[in-house]
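Heads up, the thing below is written out as structure tokens.
The values are calculated or read from the model by the stated rules, or taken from the named source; none is laboratory data. This structure is a prediction, so every number in the text was calculated from the model and none was measured. So basically every Cβ, Gly included, is an ideal-geometry build from the backbone, and we count neighbours across all protein chains shown.
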């Protein structure tokens, strides 16, 4: 319950000018609705962590579809989250990120592909 109220506060929060931050994101989303760069995912030259909440509009299946053409990618699905696992499951998110970055770091140290 506490975590949900924190998310609700963030979603309805306004910046110092009184502008609703979520409304701005919605406008940006509308602008990007027709942009599709998935064909370029194979060109990425850095490891990518695709994080998806089980209840996210960007489904775990979509994250897997994005990961498939990405040269070095990992998908993590957060079972109790929607779009913001970093707020909804902060410990699990931190653990997943730490593990991913540890793998990236060790691959650079050994000279292998992550």
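Inside the range 82-94, residues that are assigned to a loop (DSSP other than H, G, I, E, B) and at pLDDT 95 or above make up a count of 1.
The set of residues in the range 95-114 that are touching a residue at least 60 places away in the same chain (Cβ under 8 Å) and part of a helix (DSSP H, G or I) contains only 107. Listed conditions (1) modelled with pLDDT under 90; (2) exposed (fewer than 13 other Cβ atoms within 10 Å of the Cβ); (3) assigned to a helix (DSSP H, G or I) are all met by residue 16, apart from (3). Applying the criterion of being crowded, with 18+ Cβ neighbours inside 10 Å and either in a helix (DSSP H, G or I) or out of contact with any strand residue (DSSP E or B) (no Cβ under 6 Å at 6 or more places or on another chain) (or both) to the residues of the range 34-59, the residue that is modelled with the lowest pLDDT is 56. For the range 62-80, filtering for residues that are farther than 20 Å from residue 42 by Cβ and either more than 13 Å from the chain's Cα centre (by Cα) or at pLDDT below 95 (or both) leaves 2.
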